[in-house]
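For reference, the structure discussed in these notes is given below.
The values are calculated or read from the model by the stated rules, or taken from the named source; none is laboratory data. If you're wondering where the values come from, they're calculated on a predicted model, not measured in any experiment. When we count neighbours, we look across all protein chains shown, and the Cβ atoms used for this are built from the backbone with ideal geometry, even at glycine. Each accessible area value is taken on the protein alone, full model and side chains, heavy atoms only, with ligands, DNA and RNA left out. Shrake-Rupley method; radii C 1.70, N 1.55, O 1.52, S 1.80 Å.
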Amino acid sequence: MDAANRQLDELISRDYQHGFYTELESDTVPLGLNEDIIRLISAKKHEPEFMLEWRLQAYRHWLTLSEPHWAHIHYQPIDYQDIAYYSAPKSGKDGPQSLAEVDPELLRTYEKLGIPLKEQEMLAGVAVDAVFDSVSVATTFKDKLADLGIIFCPFSEAVQKYPDLVRTYLGTVVPFTDNFYACLNSAVFSDGSFCYIPPGVRCPMELSTYFRINAKNTGQFERTLIIADKDAYVSYLEGCTAPMRDEHQLHAAVVELIALEDAQIKYSTVQNWYPGDKEGRGGIYNFVTKRGDCRGARSHISWTQVETGSAITWKYPSVILRGDESFGEFYSVALTNHHQQADTGTKMIHVGRNTRSTVISKGISAGLGQNAYRGLIKVLASADGARNYTQCDSLLLGHRCGAHTFPYIEVKNPDAQVEHEASTSRIGEDQLFYCTQRGISPEDAVSMIVSGFCKAVFKELPMEFAVEAQKLLGVSLEGGTG
Amino acid sequence: METMNVQEHWQNMALDQVPLALAGHEVPWVREARLAAFERFAARGFPTRRDEAWKYTDLSILAKRASFAPDNIPPDAPSEAALNAWMLSRQNVHLMVFVNGHYSPELSYPRNLGPGVQLESLAGMLDENAQLPPELFDAVHEHTVLDALNTAFTTDGAVLRLAPGTRLKTPVYLLYIASGYGVSIYPRNIILAGEGAEATVIEHYMGTLDAHNFTDAVTQLELASGVTIDHCKLVQEGSAAFHIAGVHARQKAGSRFVSHSFALGGKLVRNDITSSLDGPDCDCRMNGLYLLNGRQQADHHTCIDHQAPRGTSRECYRGVLDGASRGVFDGKVIVRPGAEKTDAHQSNRNLLLSRQAEVDTKPQLEIYADEVKCTHGATVGQLDEDSLFYMQSRGIDAETARSLLVYGFLNDVIERVPVSELRSRIVDMVLDRLPQGESIKELL
Amino acid sequence: MLSIRNLHASRDGKEILRGIDLDIQAGEVHAIMGPNGSGKSTLAQVIAGQPGYQITEGEVAYLGQDLMELSPEERAREGIFLGFQYPVEIPGVSIAMFLKTSLNAIRRQQGLPEVDAMEFLSLVREKMKLMQMNEAFLTRAVNEGFSGGEKKRNEVLQLAMLEPRLAILDETDSGLDIDALEVVANGINGLRSAGRAIVLVTHYQRLLNYIKPDVVHVLAQGRILKSGGPELALELEQRGYGWVEQESKAVAA
């Protein structure tokens, strides 16, 4: 077993690949948070009055809240006055109008990250919105999507161009009163992606946002809003990286998904924020609120996440199953190594009749990593015929890490069926011996077993992401056939 | 209760209420232990639903009671006939009866205990300052604030001491009877088992129908190495009664602790059952069932704490909820660093029979060691349609078929009880609540 | 090919093998028989390098090298194959993925080019046909949810794919019905060759009706008590193991 542990340590202690920093002149607001800063952010974005009002309301409410501490994570207190709440690359004062106007240094940054933004070089079939610190720097394939009536643009642009849509949906899934971090985000969010798929349209390509924290001492507070109108379909991918720094940086995002009748939204994340070094210095504090609202009958929202980065991950992508026969899914792989801590899971709130949900969570703990699944399955009295199946498995590698499972199940309907299963284990000596007896090296054997462990989640990811995710776990197999 | 002055509120109450005439009041360490415990309770007051561990347990009505002081005057003993109806058995047990929290020697039949066994009333021991380890009343043994309240107000209870190697064949049967309006009862049972000892202890809480009592009980079990203890608890309180209790075991190497908990009566029943597996090679089993109706609520909060290598734990809880009842299961398994080769399994299954009933279940694992095998499962659902159809196809009417399935579902837990009188009492109580239960009884 | 001298091995401080001597030449088929708990499986596992056993005494030479110096995967790559008595489940990992990784690891060691997906598929299909296995098997996770018989067939499929020099088959016949036994035995017989040695570890003589061994050994209490020709297996079938133990005690006395 020691061989296996050593090997996995090697595999996942490979240096962080995206830790570089881009020298760019940036426009950063002073440290600290007050109403003036919020007015400044709103002014920089030329926002309509209603947005500023909303931000201020959120800010005033935030002042009444205190940081939650129920999660199974430990960290030094965050000084909210020691953070810059807005930072943007200086080139193009009002944001680039086309790729030609984007600072070439920025384009190189994204190329280095493996995200070419020039459309001719892009992976066919993926439209990207690139968010750099507080602003969106480029959105590809916009025109092609516009032909179908699909809106895919930076949030700040949507606020100006489609204020009615924003006003109708913003904060309806995650109101600013929801929790401490969502409230903070509502007050200071700078950019993010906005996406609207009109009725009956099946978005022909994967939409993707790539988030990059670059500047020092800044927090990133993006906000994403995706609306799939009746009978629409969209698959959306999110990726994240940050430079290596000794100090912690705060990332508090909000994602709201709204699926109307018969609509489907598939949201996939590969989160690879800088996790900190082997001694636990630095790394992103990732406090994220993600929630989908299956508002219409037969709507379908599915979250898939591969969480390998961040010093702390605190996120519970959830689905409110309001529409009758709506369907929510959550698939998660979370890996914690060294001093990383993750407290992640989901909430499935069954409101409508014959609503269904599936939760598959795979946690891998190594080093001193602490990995917790926290989930809530709530079946309201109205949810006749509700069904949930939850499976949470934990894999422990090494004897100094921890794996925890905190599921909450609350059922108020006698017609509901809820089933929860969880297991915790390590790679068995017998499994390892069986593989090595077939000539497979212990390294490959561990990779193979870990990847097998995660398979149920990986298969939910779009192809490009699945490959990326396997690589991230250090478990890619040469020529492995499914 | 208002949060503002929890402390002040309870401090004031203390002045009025910490009675000076409780057992052991002339013994300095006992008095100090009581006052210190009350301080600990008063500092926090009754838990509210904002406390994570009490999220599903609403004590607000209880906290509004005018008085929590234990009733210090033993009431009249119940009639012989009533007693016979309540009692599981008078034969084949070492019987101790407590009425409103006070030991009643005239109703009890401790029998010939044999060498190495001591079974006494705690109040008597405290009054005489008999040898009892004072640290049993230390804060480290408290798992909830109600445990502290119990220490402050402990009325009486049983102390069972087993010398090393003693095997007590006959079960110890502790019957607690509550009657009258608004009494507060604070039983404290202490079981100290020397190396290799074996015993079965039954705690039976029986309330008259209309008793509005509040029972706050604590049972402590210290298992030396190689000890085997079966602890069976049956709560059959009156329909307006609050019953909140802690059962806390500590296990040394190679010991085996089996807890059986049956919540069948009371307005609100909450059991916090814990075991700390301090030595290697321990075995811990926790079985339980709740069968509720009307506006009853029953909570089981369990914690199995694996501190040492090669421990085994098995937990099996079943619940059936009818009427507007609510069942709560909150089970935690902890595997500490170094507790390698732990093998833990936990299961909680629930049947919801009515639209007003509710189940909240929270099976938790907290694992800090890697060479372990831990699993848990929880389900909420209905009776299996296929089984129902199968029975109907054999000519059994739907109602009987349903009752049979519920009985089978619960019997899985009941049949683990080692005392036949208790088993059949529980089976009877289950069947009495099921339609066609009488006809099923005939089949047994 | 394999030469074992005075091999002692224990597990968790308990001695299981108490001085094994055994020589196996290329081209031979040996059967190792013996009562339950005699150490048959331990011997097989120790040769394959199961890390849970401690070698306390003795030596094992394989093709002229000290086997005990090699890790389990090195042994496998040098051509030692162990058919497991209890094949292990590996959730989420398909047989195709597993077998291809294994095959290429062994081929690399032998200086052979790795097979690509197409070559692999045609090869595995051919062997599966031999084993009368459905192709759908390939996408199933290794041994997960397999019946006893399926697990054993899967072992023999791997044997056929990896073509080892020394195959040790630990109770590969147990849990098989008569038809499956024939398929498995045919698979094994098909692999008999001058360059290959096969060791059948078995409790019953049944398998030996299909695969005729050159040498039969009786293993009991951690020692080889008796060796002989195929007729010894038949005698064991009729008389049990007791007499061998008696006989060896008498000799010792």
Item checked: Pairwise burial B:A, computed as accessible area of each alone minus the pair, summed, 1.4 Å, Å² -> 2800
Note to self: I'd like to compare C:182-193, A:251-262: which one has the highest average count of other Cβ atoms within 10 Å, and what's the full order after that?
What the structure shows: A:251-262, C:182-193
Next item on the list: Using a 10 Å cut-off on Cβ atoms, rank the peptides C:131-143, C:207-219, C:103-115, A:422-434 from the highest mean neighbour count down.
Entry: A:422-434, C:207-219, C:131-143, C:103-115
Checklist line | Rounded FRET efficiency, nearest 0.05, which uses the C-beta distance separating A:Arg39 from C:Arg206 and R0 of 60 Å | finding: 0.10
Next item on the list: With only alpha-carbon atoms counted, please give the Rg and Dmax of the range B:6-279, in Å.
Entry: 17.7, 50
Checklist line | Carbon/sulfur fraction of accessible area - the range B:246-399, other protein chains in place, 1.4 Å, % | finding: 48
Next item on the list: Please report Rg over Rh for the protein assembly as shown, where both radii come from the alpha carbon positions and Rh follows the Kirkwood definition.
Entry: 1.02
Item checked: Partner lysines for B:Lys362 [C-alpha distance under 26 Å; skip if fewer than 8 residues away on the same chain] -> A:Lys290, A:Lys315, A:Lys347, A:Lys362, A:Lys378, A:Lys412, B:Lys55, B:Lys233, B:Lys267, B:Lys332, B:Lys341, B:Lys373
Next item on the list: Would you mind putting A:341-353, A:174-186 in packing order, based on average other-beta-carbon counts within 10 Å, highest first?
Entry: A:341-353, A:174-186
Next item on the list: Using a 10 Å cut-off on Cβ to Cβ distances, tally the other chain neighbours for every residue of B:372-385 and report the average as a whole number.
Entry: 6
Check: In peptide C:139-146, what is the residue-averaged number of other protein chain Cβ atoms found within 10 Å of each Cβ?
Finding: 2
Next item on the list: For chain B, set up a Gaussian network in which alpha carbons nearer than 10 Å are linked by springs, and say which option among B:Gln392, B:Gln220, B:Gln297 fluctuates the most.
Entry: B:Gln392
Next item on the list: Please give the per residue accessible area of the range B:302-348, computed with a probe of 1.4 Å over protein heavy atoms only, in Å².
Entry: 26
Next item on the list: Write down the percent of antiparallel bridges among all DSSP beta bridges whose residues are both part of the range B:6-279, to the nearest 5.
Entry: 10
Checklist line | Largest-first ellipsoid semi-axes for the range A:361-404, taking √(5λ) over the Cα gyration tensor eigenvalues, angstrom | finding: 32, 9, 5
Next item on the list: Could you pull out every one of the lysines with an alpha carbon less than 24 Å from that of C:Lys249, ignoring same-chain neighbours closer than 8 positions?
Entry: C:Lys14, C:Lys40, C:Lys226
Checklist line | Counted charge near B:Phe214, where neighbours are those whose Cβ lies closer than 12 Å (Asp, Glu -1; Lys, Arg +1) | finding: +1
Check: Excluding same-chain residues fewer than 8 positions from C:Lys129, which aspartates and glutamates have a Cα within less than 17 Å of its Cα?
Finding: C:Glu119, C:Glu150, C:Glu155, C:Glu163, C:Asp179, C:Glu182
Next item on the list: Within 10 Å of each Cβ in peptide A:396-406, how many partner chain Cβ atoms are there on average? Round it to a whole number, please.
Entry: 6
Check: Ordered by residue, what ³J(HN,Hα) values in Hz, to whole numbers, does the range B:306-323 give under the Karplus form 6.51 cos²θ - 1.76 cosθ + 1.60, where θ = phi - 60° and Gly and Pro are x?
Finding: 7, 9, 9, x, 6, x, 10, 9, 9, 10, 9, 10, 10, x, 10, 10, 10, x
Note to self: If you restrict to DSSP beta bridges whose two residues both lie in the protein assembly as shown, what percentage is antiparallel, to the nearest 5?
What the structure shows: 15
